[in-house]
Structure formats: structure tokens, C-alpha cells
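To start, the structure under review is shown below, and the notes come after it.
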Amino acid sequence: MPGWLTLPALCCFLLLWAVTVFHKAQGDPASHPGPHYLLPPIHEVIHSHRGATATLPCVLGTSPPSYKVRWSKVEPGELRETLILVTNGLQARGYGPLGGRARMRRGHRLDASLVIAGVRLEDEGRYRCELINGIEDESVALTLSLEGVVFPYQPSRGRYQFNYYEAKQACEEQDGRLATYSQLYQAWTEGLDWCNAGWLLEGSVRYPVLTARAPCGGRGRPGIRSYGPRDLMRDRYDAFCFTSVLAGQVFFVPGRLTLSEAHAACRRRGAVVAKVGHLYAAWKFSGLDQCDGGWLADGSVRFPITTPRPRCGGLPDPGVRSFGFPRPQQAAYGTYCYAEN
């Protein structure tokens, strides 16, 4: 009958409709018109550590007639991306401070993977590999994650002295950078319990609580407590810093030294007085365990404990203990020195 489908045509129509629905449900490329050149990454998070060489994979399934690949880094807390490298498949050009350490892997003709040599703390974060092909541009995102340790930091003047920018500078001066929320969260799961609020790289202010208690935000559930949006210039808190594996080594020099004598003792050994980040990294990654207070470069006195024991800090958990900031002229401590390998 005119205007009506025959039974074979109806069956064919229903079959095509079912296949289309299946493809859409499975996210199959057949449901999307046009070519898809970039292959989805097998792992979206790439783990590395400071000083290593890291590879961020970006591979084309097929090569368009004409294209460019642009690598950029998404800056946390900022609405911008930093250009790293642009290639047309034959030649590549690096940009910015990372460009000098970045190159294309070029394992094969469809390989657009980025290789970063001598990974630094500031290299951690989110990266974008974008294929530019006229109106069919597409991209994949990857995250470079560094193995490291988070430590709370406050200056000799006492707690809550830093605005956001001062906190950022303080961490850099102690061989670190401001920690991200995910780094603080991981540190919390590994045992970090700290009542003082501190700045994070994204501009938020938080603190990690393992044992909920009245003086530390109340007796609610453990977790990462948040102070909500803060003014980056006016509001003042401590800092949560992040550091990673050291290129050198930390060692202890015993004695009853003043701070100036500590500097001299390290210089005689071809080293410098260690920074706070140095000591935390040596404790975390080299297992440094020393039950003796020692001067650090910021004028504080601390010591690292890997195996807690009586008369060695009085706390049941491993960590870096602090004597605060004694008078620099007080001749009562050894010193921790740092020497590059």
C-alpha cells in the first residue's frame, strides 16, 4: 500500500535504529560524524618525581592531510593556559620556561607525545595536547602527578602571617611550592593532622583533621576543613607546602652551635644549611631518622623521626618534630646540612 512500509523495509529500518542507539550508548565513534584523529590516553594521570624525565602520551590514530599539535599547561587557579610547544609533525618549537626542557618523543610518525626532562615541582599539573586541523580541532588532557610530601609552614613571627602571595613565596624559599588540594588530601590519608589553616595553590584555605576534637573545628567527622573563599591579598593564614625527591642528600652535624656556626659547619663540608623542604624530603624518601634537634636555614630547629620511640619527640607517629625558632645566638643544637650530588 502506498505510504506504508513493507515488512522487510520495516525490519531493516528497526535494525538500523537499534545499531545507532547501541553505538550512542557505548560512546562508539561511529555515532559521531567526521574523523577523530587523537587516540584517548590509556592512563590520564602520569606519575613521576622531581629530577626525572616524564613522557605525556599523545598519539594520532591517523594523520590528517595538514595539521599542527599544540601542547599547553593549564595553570591552576587561573583562567589561562601556558604554551609549551607547537609541532607540524616535522619540526617543533618550544615556548616559555618549560620549552627548553620539552621535546617531542617521535617514537613513530603518528607520535605527538611530549617529553619533559629534569621535572621540577612547578611542572606538576594538567596538560593539554590539541590537534589543530581547521574546524575539526580536538584535544586530550593529561595530568602530571609528582611523588612528594606536604608540610605545614609558618614563619618565626607566629601563625597566620601570610597572604596568598607571601605563602607562595615562603614555600619556594623552603624548597617547595604551595600544595594543591589533591596533594593535601593524599597527605591527610597518609596521616597529616593539623589544626592551623593554610593556603593552597588554588587560592583556597583549608586544614586536614584526622582526629576530630573541640579545639580543631569541633567533634564532627574527620576530613579536610575549608574556610571558603578568601581574599588573596588581605586574609592571612599559614601555608601548606609540597616538595619532592631531592637531587642531593641531607646529613646531620652534631654539636652545640649557634645559627651562624651552623652555616660555617655546613660550608666546611661543602654544603649549605638545609631548608625545611630538604628535611621533609629526606625524612620521606631517604628514611632520615635523627633524634637530635638541628638548625635549618630559616632559623628553626627540627628533627626527623622515622621510627617513633620514647624520649624522641614524645609522639607515636613518624614525622618531623619542631623546637620552633630559638634565638640564633643560642648554642644548643647541631645542624642539618644539604649537599648536591
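The values are calculated or read from the model by the stated rules, or taken from the named source; none is laboratory data. Just so we're clear, the structure is a prediction, and the values are computed from it rather than from any experiment. Backbone-built Cβ (ideal geometry, glycine too); neighbour counts: all protein chains shown. Accessible surface is based on the protein model in full, side chains and every heavy atom, while ligands, DNA and RNA are left aside. Shrake-Rupley method; radii C 1.70, N 1.55, O 1.52, S 1.80 Å.
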Candidate set from segment 45-76 (those that are out of contact with any Asp or Glu (no Cβ under 6 Å at 6 or more places or on another chain) and among the small types (G, A, S)); member that is nearest to R103 (Cα to Cα): A54
Just to check your reading of the model, which residue among S204, S182 is without any contact (Cβ under 8 Å) to a residue 60 or more places away in the chain, among the hydroxyl-bearing types (S, T, Y) and surrounded by 16 or more Cβ atoms within 10 Å (Cβ to Cβ)? S204
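If we keep just the residues of segment 299-317 that are surrounded by fewer than 17 Cβ atoms within 10 Å (Cβ to Cβ) and under 29 Å from the mean Cα position of the chain (by Cα), which is modelled with the lowest pLDDT? Steps first, please.
Here is the first cut: in segment 299-317, the residues surrounded by fewer than 17 Cβ atoms within 10 Å (Cβ to Cβ) are 299, 306-312, 314-317.
Imposing the further condition that a residue be under 29 Å from the mean Cα position of the chain (by Cα) reduces the set to 299, 306-308, 315-317.
Details: G299: 98, T306: 96, T307: 95, P308: 94, L315: 85, P316: 88, D317: 91.
Among those that are surrounded by fewer than 17 Cβ atoms within 10 Å (Cβ to Cβ) and under 29 Å from the mean Cα position of the chain (by Cα), it is L315.
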May I ask you to list the residues in segment 44-61 that are under 30 Å from A282 (Cβ atoms) and open to solvent by 60 Å² or more (accessible area, probe 1.4 Å)? V45, H47, H49, T53
Strands (runs of 3 or more DSSP E) contained entirely in segment 121-176, each with at least 1 residues that are closer than 13 Å to L200 by Cα, of a type outside the set (D, E) and open to solvent by 70 Å² or more (accessible area, probe 1.4 Å): none
Identify the residue in segment 62-103 that is without any contact (Cβ under 8 Å) to a residue 12 or more places away in the chain, open to solvent by 60 Å² or more (accessible area, probe 1.4 Å) and not polar (S, T, N, Q) and, among all such residues, is farthest from Y181 (Cα to Cα). P65
What is the number of the single condition among (1) closer than 26 Å to C312 by Cα; (2) modelled with pLDDT under 95; (3) assigned to a strand (DSSP E or B) that P254 does not meet? (2)
Failed criterion for R106 (all others in (1) surrounded by 19 or more Cβ atoms within 10 Å (Cβ to Cβ); (2) more than 20 Å from the chain's Cα centre (by Cα); (3) among the charged types (D, E, K, R) hold): (1)
